[in-house]
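Notes follow once the structure below has been shown.
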Amino acid sequence: MKVLTGTPPQLARWAADRVLHRLRTRSLSVLGVATGSSPLPVYRALAASGEPALASLRVFALDEYVGLPHHHPQSYHCVVDREVTRPLGLDPARVHVPDGAADDLDAAAAEYEHLIAASGGIDLQVLGIGANGHVGFNEPFSSLRSRTRVETLTARTRRDNARFFGGDLQQVPTSCLTQGLGTILDADEVVLIATGAAKAHAVAQMVEGPLSSACPASVLQLHPRATVLLDDRAAAQL
Ligand code: GLP
């Protein structure tokens, strides 16, 4: 994997330029997006570019909480709509998020995999990383070949994400639907952004540790076109 370092605005610029370059050279029609705070500056840079070809994108989110209605402000349906679909001027019909409110979650997961495949696969997947090394919501000890499925959130992830729920842990869902590590590896290119000291340990495990499900992001060592964008604090333990 290629590792680049810079300030958070430089990293966002790099990732946005990569998306725009592939869009303009017609090698990107399906974009994978991550939620979480790290990639937000990338979406803002894309929106600011005013590139008309953005409207031709089809977008797939990585994951969604189970049990939140789609209109809940912290559901990833709402987050993606707020941070990606509207700012980039996308047609909502071309933006997909796993259905964590489905009665049959296993069927919803299978349908999501089918939809990604039917779209021709993800050309470029934007990723963040959890402090415990998760990507999407693939928690430690996920199968390295996993596909979209229901996953139980760890206590650490629920604590980390409580900030989005007014600090109230009780409000944080206990499970989710997430693309699997195998699904993520199928993307043609992945760009992972990590900023801040809280990510330094997970970043070191991902880049320099053994390929191990103990750090799910280490699976990216297997990807032929993976770029990791780090600020100084996230790169501190390399
Ligand atoms: C959530 C998301 C991940 C994201 C992670 C890190 O758990 N499911 O896709 O990478 O948060 O979030 P942040 O960038 O806010 O630290």
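The values are calculated or read from the model by the stated rules, or taken from the named source; none is laboratory data. Bear in mind that the values here come from a model prediction, so they are computed numbers and not experimental data. Note that each Cβ is placed from the backbone with ideal geometry, even for glycine, and that neighbours are counted across all protein chains shown. Only protein heavy atoms, including side chains, enter the accessible area calculation; ligands, DNA and RNA are left aside. Shrake-Rupley method; radii C 1.70, N 1.55, O 1.52, S 1.80 Å.
Within region 82-124, work out how many residues are part of a helix (DSSP H, G or I) and closer than 16 Å to L23 by Cβ. Steps first, please.
Narrowing region 82-124 to residues part of a helix (DSSP H, G or I): 82-85, 92-94, 105-118.
Right, trim to closer than 16 Å to L23 by Cβ and you get 84, 94.
Qualifying residue count, region 82-124: 2.
Output the strands (runs of 3 or more DSSP E) that fall wholly within region 1-74 and possess 3 or more residues being among the hydrophobic types (A, V, I, L, M, F, W, C), or say none. Full working, then the answer.
Details: elements: 2-5, 30-33, 58-61, 63-65.
Where strands (runs of 3 or more DSSP E) fall fully within region 1-74 and carry at least 3 residues being among the hydrophobic types (A, V, I, L, M, F, W, C), they are 30-33, 58-61.
Restricting to strands (runs of 3 or more DSSP E) lying wholly in region 152-238: which have 2 or more residues that are of a type in the set (S, T, N, Q)?
The qualifying strands (runs of 3 or more DSSP E) are 175-178.
All but one of (1) touching a Gly at 6+ places or on another chain (Cβ under 6 Å); (2) within 13 Å of the ligand (Cβ to nearest atom); (3) part of a loop (DSSP other than H, G, I, E, B) hold for G130, so report the exception by its number.
(1)
I'd like the residue in region 214-237 that is of a type outside the set (D, E, K, R), open to solvent by 10 Å² or more (accessible area, probe 1.4 Å) and within 15 Å of A197 (Cα to Cα) and, out of all such residues, is nearest to the chain's Cα centre (by Cα).
Selected residue: A235.
With respect to the numbered conditions (1) assigned to a loop (DSSP other than H, G, I, E, B); (2) more than 26 Å from D231 (Cβ to Cβ); (3) within 16 Å of the ligand (Cβ to nearest atom); (4) out of contact with any Phe, Trp or Tyr (no Cβ under 9 Å at 6 or more places or on another chain), which one is the sole condition not fulfilled by R145?
It is condition (3) that R145 fails.
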